[in-house]
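The structure appears below as structure tokens.
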Amino acid sequence: MTNIAHTITVTTLADGGRDYDWTHPTTCPAGEACEIRLRTLRLRSDDMTALTDGRPDGTYHLGLFGFNGLCLTDEAGHMLPDVDPAGTEPNACHWCSIGKLEHGIQWADQASNHEWEQPSQEQIKTRMLARRAA
């Protein structure tokens, strides 16, 4: 993975649909061989919808997940967990979105077995905006 931000901007349209603005950065050192670029080219529109489902409009970072997948990450490169706008408290675990008091030891694909971890400021903001939009 490169240290160049690969971003996607999500916008809700007047008809309720979503628009995704993705352009591979010209400054990416991997160029045409960039794995994020190659994986993005293979995505269908419903894959993009699933990737950003439940998130408010805004700009997100793309990251690699598994052998073929893409994920959204925070600025530090940590995978953002799926968003449940009505049910995720802003200060829930960074990795699995479970609240601190009920967390204990949990499993998440990106973190394996883990204890509660402080969410990033970007995650807290995203969760707060998603809850307000719900």
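The table that follows gives values for the structure above.
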item	result
Reported label for calculated Cα extents along the principal axes in Å given (i) 46, 37, 23; (ii) 48, 27, 18; (iii) 53, 32, 24	(i)
Between helix 121-133 and the chain: long-axis angle, C-alpha atoms, 0 to 90°, nearest 10	80
Peptide ranges 94-107, 114-127 listed from the most packed, as the mean C-beta count within 10 angstrom indicates	114-127, 94-107
For Glu89, residues with placed amide H under 5 Å, excluding near neighbours	none
Magnitude of the charge dipole, the chain, Cβ model with Lys/Arg +1 and Asp/Glu -1, debye to 20	120
Residue-normalised accessible area of the chain, expressed per residue, 1.4 Å probe, Å²	59
Solvent-accessible area, 1.4 Å probe, carbon plus sulfur percent, for the chain	51
Share of alpha-carbon pairs per 5 Å distance bin for region 40-82, given as whole %	5, 21, 34, 28, 11, 1
Radius 10 Å from Cβ of Trp116, net charge of other residues (Lys, Arg +1; Asp, Glu -1)	-2
Per-residue [θ]222 nm for the chain (sum of -39500 (n - 2.57) over DSSP H runs n ≥ 4, rounded to 500)	-6500 deg cm²/dmol
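The values are calculated or read from the model by the stated rules, or taken from the named source; none is laboratory data. Keep in mind that what you see is a predicted model, and the values were worked out from it rather than measured. Neighbour counts are summed over all protein chains in view; Cβ atoms, including those assigned to glycine, are modelled from backbone coordinates with ideal geometry. Just so you know, the surface numbers come from the protein's heavy atoms only, side chains and all, with ligands and any DNA or RNA stripped out. Shrake-Rupley method; radii C 1.70, N 1.55, O 1.52, S 1.80 Å.
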